[in-house]
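The values are calculated or read from the model by the stated rules, or taken from the named source; none is laboratory data. Computed from a predicted structure; not experimentally measured. Every residue, glycine among them, receives a Cβ derived from its backbone with ideal geometry; neighbour counts consider all protein chains shown.
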Amino acid sequence: MANKITSYLLAALIILCGSLNITYAQKNKKKNNTTAAKFKMLESFSQRTMPGRPEQQPTTNLYFILVWNSNIPPATFFWRGDNGWMSCNMAYVHRTGNQKSSRFMPDKDYITESITSHEVRKGDTLEIMPVRGGKFPIPKEIDQNATNTLFYKTAKSSWLAYPVKQIKAKQDIIMP
């Protein structure tokens, strides 16, 4: 009789431990996929450049200003917008205070410095700018219907997504 009770108690203990492990793994998996831990978006905006020659077409660029909050640097950024899947350039942002950085760049109170992804440190302010051109296939892990989303990954993560809810339109840049 004591042997049967011990067997039932042991089986119940095994089931309880197994369910605790599954719950712990699910909680940790959700925690690792949060985007808030990687960066904080400060500003997202578009800016149109009006060329100085009438035969040239205006161009519109997107900019994302963010503070990197992870000890692991980003490996790459991609933008999935209305125009498809675009790779992104990355640059350090240096604030210039109240003075504008150039008469050709209204509303831009910072200057940028080119960097590579492995130079990024926790607390760095970055400018992420999608660039036209290039033929980068969309990875299978990315939702094909996602739009207005900044995708990124680190050396130790899979693809992470940051949906951009609002993009402010800044004053046009008029070239001479």
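Taking segment 137-176 as the region of interest, how many residues are among the small types (G, A, S) and surrounded by fewer than 13 Cβ atoms within 10 Å (Cβ to Cβ)?
The qualifying residues number 3.
Go through segment 71-82 and give me each residue that's touching a Lys or Arg at 6+ places or on another chain (Cβ under 8 Å) and more than 18 Å from T125 (Cβ to Cβ).
Within segment 71-82, A75, T76 meet the criteria.
Which one of K135, K122, K165, K153 is part of a loop (DSSP other than H, G, I, E, B), within 20 Å of S70 (Cβ to Cβ) and charged (D, E, K, R)?
K122
Listed here are the residues, each with its yes/no results for (1) part of a strand (DSSP E or B); (2) modelled with pLDDT of 85 or more; (3) assigned by TED's automatic domain parsing to the domain that holds A75.
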{"residue": "S87", "(1), (2), (3)": "yes, yes, yes"}
{"residue": "Q99", "(1), (2), (3)": "no, no, yes"}
{"residue": "E127", "(1), (2), (3)": "yes, yes, yes"}
{"residue": "E141", "(1), (2), (3)": "no, yes, yes"}
{"residue": "Q144", "(1), (2), (3)": "no, no, yes"}
{"residue": "T147", "(1), (2), (3)": "no, yes, yes"}
